[in-house]
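Here's a structure for you.
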Amino acid sequence: MKHLLYSIASFVIALMIWQLLILLGDFDSALFPNPWHVAQALAETISNGTLLEGIAASLYRFAVGYLVSAVAGVLLGLLLGNVNVLFRLSNPVIQLIRPIAPVAWMPFIVLLMGIGDTPAIVIIFLAGFFPVLLTTARAVHTVDDIYLKVARNYGITKFSTIFQITLPAIFPQIANSLHIALGTSWIFLVSGEMVGTQSGLGFMIIDARNNMRTDILLATMLVIGVIGFILDLLIGKFEKKVLKHYGIH
Amino acid sequence: MAYINVKNISKDYSRREANGKCNTIHVLKDVSFEIEKGEFVCLLGFSGCGKSTILNLLAGFETPSSGSVEIDGREVTKPSTRYITIFQHYGLLPWKTVQKNVELGMEILSLSKKDRAVRAQHYIELVGLKGLEEQFPSQLSGGQQQRVAIARSLAVNPDILFMDEPFGALDPVIRNKLQNDLLKIVSEQKKTVVFVTHDIEEAVYLADRIFLMKSDPGHLEKIYDIKIPHPRNRNTDDFGQYRKFIYNKLFSIQEGKPEYII
Ligand SMILES: Nc1ncnc2c1ncn2[C@@H]1O[C@H](COP(=O)(O)OP(=O)(O)OP(=O)(O)O)[C@@H](O)[C@H]1O
Ligand SMILES: [Mg+2]
């Protein structure tokens with residue numbers, strides 16, 4: 001209850017500061033719309049369908065890119081974590097590629113594959129893949145020796161050990177990296193869509209800028225924030241559920 | 001030929017020192033002993049004398065630097081479900097329920113799902129945990145968790161139990177109860193047990209024979225036959241005698257000389 005009150009207060013204060021800036025700042029109202037105009041723009045994009053279209057396009061790319069990065073990151077991470085030769089062979093190159101911002105890949109990917117869904121999906125993939133991969137590979141080495149002894153003692157095969165012992169043992173660490181990857185992926189999705197696509201929330205921002213519709217621009221930004229927040233909430237719930245399934249409270 | 005046959009085993013580890021040099025440390029030196037089928041042997045000694053190391057070698061988790069370990073006429077080279085190790089901190093998988101933990105070892109026995117459940121149930125009841133099947137280890141007390149570990153090991157019907165300070169973390173009442181239950185189960189099921197402890201009383205209470213170990217490097221100092229019939233009583237003279245002998249040996253106190261306490 002208290003939490004809710006604080007949340008409401010937080011938004012009211014933010015709106016007041018926003019309104020205050022407009023009153024004091026003497027901005028061109030077309031360049032810096034007030035909250036009411038932004039709300040109207042939001043209603044407009046909802047009623048003419050552009051917002052839902054944009055959200056659908058973005059979420060689709062996000063879902064594909066994020067899921068592929070999560071699954072590939074965890075599976076390859078388990079592989080690298082278990083086969084030391086592979087880890088040592090790939091780690092130097094991974095460390096070199098990792099600091100390249102996903103957005104920096106964009107021109108190259110667009111030139112290679114053209115604009116459309118693919119570049120945005122690749123960007124999300126790149127944003128999520130490396131953190132999940134490295135966290136998983138490193139976490140494999142943190143598994144308590146006693147669990148591995150138990151597995152050997154009871155004749156559980158190496159392959160089965162990976163999924164019965166290693167994966168659940170390191171799941172909290174993987175979940176944490178998936179959580180972080182979700183946030184960064186969403187952030188990079190928008191920047192990806194601003195360059196390489198003709199649809200989606202990122203594109204709506206560019207489109208609004210080109211048409212000088214700052215009200216739509218701000219409305220879209222708000223929607224991006226809200227969806228990011230909801231996604232974070234959902235993965236938090238998922239994390240809890242799986243941890244509970246594994247008896248970790 | 002004895003059932004467990006340990007011949008002149010030594011174990012060295014190399015350890016990197018603070019100055020970067022590698023040092024070889026001799027953890028065990030020239031240890032030999034034999035254990036007969038159905039015996040209950042306690043390894044007794046101070047911390048660091050190599051008790052766990054011996055157990056790891058017997059169980060096949062590690063290989064000796066020299067010498068050999070044979071069980072039932074065959075050289076031990078890797079772990080096997082015929083001899084199961086039970087650890088001080090139970091080694092239960094926290095993400096599996098009691099039922100699933102006990103079923104863990106049945107994966108390689110080709111049993112149907114139903115047979116596994118029935119068999120697990122049998123051993124859960126045997127150790128007195130009926131009704132707790134769906135709990136996770138974190139929801140159980142230490143004593144209950146160790147009972148789960150015992151049920152899990154019995155469920156694969158091993159010939160030998162290796163136990164590494166299994167009751168070390170439990171309070172005295174629970175510990176005594178588990179000692180009695182363990183003695184009952186292993187004598188009924190005719191298991192061979194090698195049990196590590198640094199508690200003299202526990203060793204005298206449980207063991208047919210006590211292997212007293214000392215360190216630097218780890219070796220067997222003396223073997224005691226405990227000729228007190230079961231059930232044993234901790235308050236008898238016999239019991240007290242054994243306890244005293246072993247205490248004096250462990251602390252290198254000469255018989256007849258007064259014991260100074262500082
Ligand atoms: N993997 C290892 N590398 C280096 N040294 C080791 C290793 N394992 C054990 N040692 C050393 O071997 C010695 C004996 O260890 P061990 O665990 O067998 O003792 P312990 O008798 O079981 O002691 P405790 O009662 O504390 O469990 C110790 O000095 C320990 O530091
Ligand atoms: Mg030990």
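The values are calculated or read from the model by the stated rules, or taken from the named source; none is laboratory data. These numbers come from a predicted model, not from an experiment. Note that we place each Cβ from the backbone using ideal geometry, even for glycine, and neighbour counts take in every protein chain shown. Accessible surface areas use protein heavy atoms only, side chains included; no ligands, DNA or RNA. Shrake-Rupley method; radii C 1.70, N 1.55, O 1.52, S 1.80 Å.
Apply 1/(1 + (r/R0)^6) to the Cβ-Cβ distance of A:I100 and A:H141, taking R0 = 30 Å, and write down the FRET efficiency to the nearest 0.05. Could the numbers behind the result be given before it?
Details: r = 26 Å, r/R0 = 0.87.
Step by step, r from the Cβ atoms, then E = 0.70.
What is the distance, in nm, between label points placed 7 Å from the Cα along the Cα-to-Cβ direction at A:F32 and at A:N211?
Here the answer is 2.4 nm between the modelled labels.
When the dipole is taken about the Cα centre of the stretch A:33-245, and only Lys, Arg (+1) and Asp, Glu (-1) are charged at their Cβ, what size is it in debye, to the nearest 20?
Numbers: 13 positive and 10 negative charges, 173 e Å.
For this selection, approximately 840 debye.
For the stretch B:92-157, what's the relative contact order in percent, using C-alpha pairs closer than 8 Å and at least 6 residues apart?
Working: 77 pairs, mean separation 33.6, N = 66.
Once divided by the residue count of the stretch B:92-157, the mean separation gives 51 percent.
Compute the FRET efficiency between A:Q198 and A:L111 as 1/(1 + (r/R0)^6), taking r as their Cβ-Cβ distance and R0 = 25 Å, and round to the nearest 0.05. Can you show the working numbers first?
Values: r = 17 Å, r/R0 = 0.66.
Efficiency at R0 = 25 Å is approximately 0.90.
Among A:203-214, B:65-76, how do they line up by average Cβ neighbours within 10 Å per residue, starting with the highest?
Values: A:203-214: 17.4, B:65-76: 15.8.
Those peptides, ordered most packed to least, come out A:203-214, B:65-76.
What distance in nm lies between label points placed 7 Å from Cα along the C-beta direction at A:I22 and A:S160?
6.6
Continuing with the same structure: Expressed in whole Å with the largest first, what are the equivalent ellipsoid semi-axes of chain A derived from the C-alpha gyration tensor as the square root of 5 times each eigenvalue?
Numbers: eigenvalues 352, 107, 40 Å².
Equivalent ellipsoid semi-axes, largest first: 42, 23, 14 Å.
For peptide B:89-99, compute the average count of partner chain beta-carbon atoms within 10 Å of each residue's beta-carbon.
On the way: counts 2, 2, 8, 4, 10, 7, 13, 5, 1, 0, 0.
Across the residues of B:89-99, the mean count of other-chain Cβ atoms within 10 Å is 5.
If you don't mind, there's one more thing I want to ask. Would you mind checking the tilt of helix A:2-25 against the longest principal axis of the Cα atoms of chain A, expressed as 0 to 90 degrees and rounded to 10?
40
In addition: What angle, in degrees between 0 and 90 and rounded to the nearest 10, separates the Cα long axis of helix B:113-126 from the longest principal axis of the Cα atoms of chain B?
Roughly 50 degrees between the two axes.
What pairs in B:K78/B:K214; A:K149/B:K96; A:K158/B:K11; A:K158/B:K78; B:K222/B:K244 have C-alpha atoms more than 18 Å from each other? Numbers along the way, then the final one.
Details: B:K78/B:K214 27 Å; A:K149/B:K96 16 Å; A:K158/B:K11 26 Å; A:K158/B:K78 14 Å; B:K222/B:K244 14 Å.
Flagged as over cut-off: B:K78/B:K214; A:K158/B:K11.
Distance from the Cα centre of the stretch A:113-187 to that of the stretch B:97-173, in angstrom?
Distance between centres, Cα-based: 30 Å.
With everything on Cα atoms, drop me the angle between helix B:142-154 and the longest principal axis of chain B, reported from 0 to 90° to the nearest 10.
80
Next question. With labels modelled as points extended 7 Å from the Cα through the Cβ direction, what inter-label distance (nm, one decimal) is found for B:F46 paired with A:V68?
Each label point is offset 7 Å from its Cα along the Cβ direction, giving 6.3 nm.
Considering the Cα positions of chain B, please state its Rg to one decimal place and its Dmax as a whole number of Å.
19.5, 65
Now for a separate question. GNM, chain B, Cα, under 10 Å: largest mean-square fluctuation among B:E34, B:E107, B:E62?
Taking springs between Cα atoms under 10 Å, the residue moving most is B:E107.
Can you tell me how much longer the chain between B:H122 and B:K21 gets when fully stretched, taken as 0.36 nm per residue apart minus their C-alpha distance, in nm with one decimal?
31.0 nm
List the residues of the stretch A:141-179 whose backbone N lies under 20 Å from a point placed 7 Å from the Cα of B:K78 along the Cα-to-Cβ direction.
A:145-166
Just need the relative contact order of chain A here, percent rounded to a whole number, with Cα pairs under 8 Å and 6+ apart.
Values: 248 pairs, mean separation 67.4, N = 249.
Relative contact order comes out at 27 percent.
If you don't mind, there's one more thing I want to ask. Taking a quarter of the surface of the convex hull around the Cα atoms of the stretch B:1-81, what do you get in nm²? Walk me through the numbers before you get to the answer.
Working: hull surface 25.0 nm².
Computed as one quarter of the Cα hull surface, the answer is 6.2 nm².
Something else now. What average number of partner chain Cβ atoms lie no more than 10 Å from the Cβ of the residues making up B:76-88?
On the way: counts 0, 0, 3, 7, 4, 3, 1, 1, 3, 5, 2, 4, 1.
For peptide B:76-88, the averaged partner shielding equals 3.
Students sometimes get this wrong: rank A:T197, B:T236 by accessible area, probe 1.4 Å, all chains present, largest first.
B:T236, A:T197
Shifting gears a bit: Given N residues in the stretch B:83-134, what is its alpha carbon radius of gyration divided by 2.2 N^0.38 Å?
On the way: Rg = 11.2 Å, N = 52, 2.2 N^0.38 = 9.9 Å.
So the Cα radius of gyration is 1.13 times the expected 2.2 N^0.38 Å.
Sticking with this structure for a sec: How high is the FRET efficiency from B:R234 to B:N8, r the C-beta distance, R0 51 Å, rounded to 0.05? Walk me through the numbers before you get to the answer.
Values: r = 36 Å, r/R0 = 0.71.
Efficiency, from the Cβ-Cβ distance: 0.90.
Return the Rg/Rh ratio of the stretch B:148-262 with Cα-based radii and a Kirkwood Rh. Let's see the in-between values first.
On the way: Rg = 15.6 Å, Rh = 15.7 Å.
Taking Rh as the inverse mean 1/r over Cα pairs, Rg/Rh reads 0.99.
Mind listing the Cα extents of the protein assembly as shown along all three principal axes, in Å, largest one first?
The principal-axis extents, from largest down, are 103, 58, 51 Å.
Take the eigenvalues of the Cα gyration tensor for the stretch B:39-94, scale each by 5, and report the square roots as semi-axes in whole Å, largest first.
Numbers: eigenvalues 73, 54, 28 Å².
In descending order, the three semi-axes are 19, 16, 12 Å.
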